[in-house]
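Participant: This structure is in structure tokens; I'll ask about it shortly.
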Amino acid sequence: MEPNTLEALSSRIVHLDEVIPVPWKNGGGQTRELLAWPDGEAWQLRLSVAEIGRDGPFSSFSGITRWFAVIAGEGVVLRFGSEERRLLAGGDPLRFDGSWAPGCRLIDGPTRDLNLMIASGQGAMIATRPGKPWTADFAQRGLFATVAGRLVPEQGEPVDISANTLFWQGAATSGAWRFEPAPWVPDSAASAWWLGFTPEESRVPR
């Protein structure tokens with residue numbers, strides 16, 4: 001499905017399969033960058049999807065706050081010192097300090113993972129809940145969905161979303177949003193995440 005309407009001129013749709021993957025230097029996977037704001041060289045916000053093909057440590061991103069969610073595959077176990085966190089597809093995202101660089105163990109084969117990284121400002125990644133609206137006071141916000149469906153804003157017209165697609169509003173409208181998976185999508189397969197970002201005022205490009 002293609003979008004019916006884009007409520008703001010700064011709105012965009014990014015289809016995952018149209019983004020060229022960049023292999024990791026260590027050969028353990030690849031990344032598709034969906035969005036970098038204000039640009040790819042000096043970003044405050046970065047959204048990407050990674051495909052992890054083998055066990056190994058995450059890269060260290062000092063000064064970066066990260067959110068990580070498994071969106072396909074059997075999941076991973078992340079190790080932070082003596083603590084382990086088990087993350088499964090469709091589950092709640094994990095927020096952590098990018099400098100921690102946890103070890104990553106695949107549970108049963110490769111995974112696909114959604115990453116939100118914030119260098120400055122405030123952000124959030126939240127798993128959607130069926131029928132539950134999301135209201136958030138962010139300057140920019142979006143939705144990444146692994147299944148087809150419809151984004152229904154409180155203000156404006158609905159937007160049809162195809163599977164594995166990012167919808168992003170660079171100048172967010174007010175009011176609640178709701179995601180409705182397509183009728184043919186099983187309830188257990190409905191996977192989508194709300195994304196929000198407000199840049200640090202002193203570093204907003206003029």
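Participant: Does Ala124 satisfy the criteria of being of a type outside the set (Lys, Arg), open to solvent by 10 Å² or more (accessible area, probe 1.4 Å), out of contact with any Cys (no Cβ under 7 Å at 6 or more places or on another chain) and assigned to a loop (DSSP other than H, G, I, E, B)?
Facilitator: The answer is no for Ala124.
Participant: Same structure, new question: Any residue that is among the small types (Gly, Ala, Ser), surrounded by 16 or more Cβ atoms within 10 Å (Cβ to Cβ) and modelled with pLDDT of 95 or more - is there at least one of those in segment 107-118? Walk me through how you get there before you give the answer.
Facilitator: Taking segment 107-118 as the starting set, the residues that turn out to be among the small types (Gly, Ala, Ser) are 109.
Now narrow it down to the ones that are surrounded by 16 or more Cβ atoms within 10 Å (Cβ to Cβ): none.
Looking for residues that are among the small types (Gly, Ala, Ser), surrounded by 16 or more Cβ atoms within 10 Å (Cβ to Cβ) and modelled with pLDDT of 95 or more, one finds none in segment 107-118, hence no.
Participant: Still on this structure, I have one more. What's the total number of residues in segment 135-158 that are out of contact with any Lys or Arg (no Cβ under 7 Å at 6 or more places or on another chain) and closer than 20 Å to Asp187 by Cα?
Facilitator: 9
Participant: Where residues in segment 127-144 are assigned to a strand (DSSP E or B) and of a type outside the set (Gly, Ala, Ser), which of them is farthest from the chain's Cα centre (by Cα)?
Facilitator: Only one residue tops the list, namely Trp134.
Participant: For segment 50-63, does any single residue satisfy the condition of being of a type in the set (A, V, I, L, M), surrounded by 14 or more Cβ atoms within 10 Å (Cβ to Cβ) and touching a Phe, Trp or Tyr at 6+ places or on another chain (Cβ under 7 Å)?
Facilitator: So far as segment 50-63 goes, no, none of its residues is of a type in the set (A, V, I, L, M), surrounded by 14 or more Cβ atoms within 10 Å (Cβ to Cβ) and touching a Phe, Trp or Tyr at 6+ places or on another chain (Cβ under 7 Å).
Participant: Within segment 155-175, is even one residue surrounded by fewer than 23 Cβ atoms within 10 Å (Cβ to Cβ), in contact with a helix residue (DSSP H, G or I) (Cβ under 7 Å, 6 or more places away or on another chain) and more than 18 Å from Leu35 (Cβ to Cβ)?
Facilitator: No, segment 155-175 contains no residue that is surrounded by fewer than 23 Cβ atoms within 10 Å (Cβ to Cβ), in contact with a helix residue (DSSP H, G or I) (Cβ under 7 Å, 6 or more places away or on another chain) and more than 18 Å from Leu35 (Cβ to Cβ).
Participant: Could you please find all residues in segment 145-184 being under 14 Å from Trp134 (Cβ atoms), among the small types (Gly, Ala, Ser) and within 15 Å of the chain's Cα centre (by Cα)?
Facilitator: Ala145
The values are calculated or read from the model by the stated rules, or taken from the named source; none is laboratory data. All of these numbers come straight from a predicted model, not from anything done at the bench. No Cβ is skipped: glycine too gets one built from the backbone with ideal geometry, and neighbour counts run over all protein chains shown. Just the protein is used for accessible areas: all its heavy atoms, side chains included, with ligands, DNA and RNA removed. Shrake-Rupley method; radii C 1.70, N 1.55, O 1.52, S 1.80 Å.
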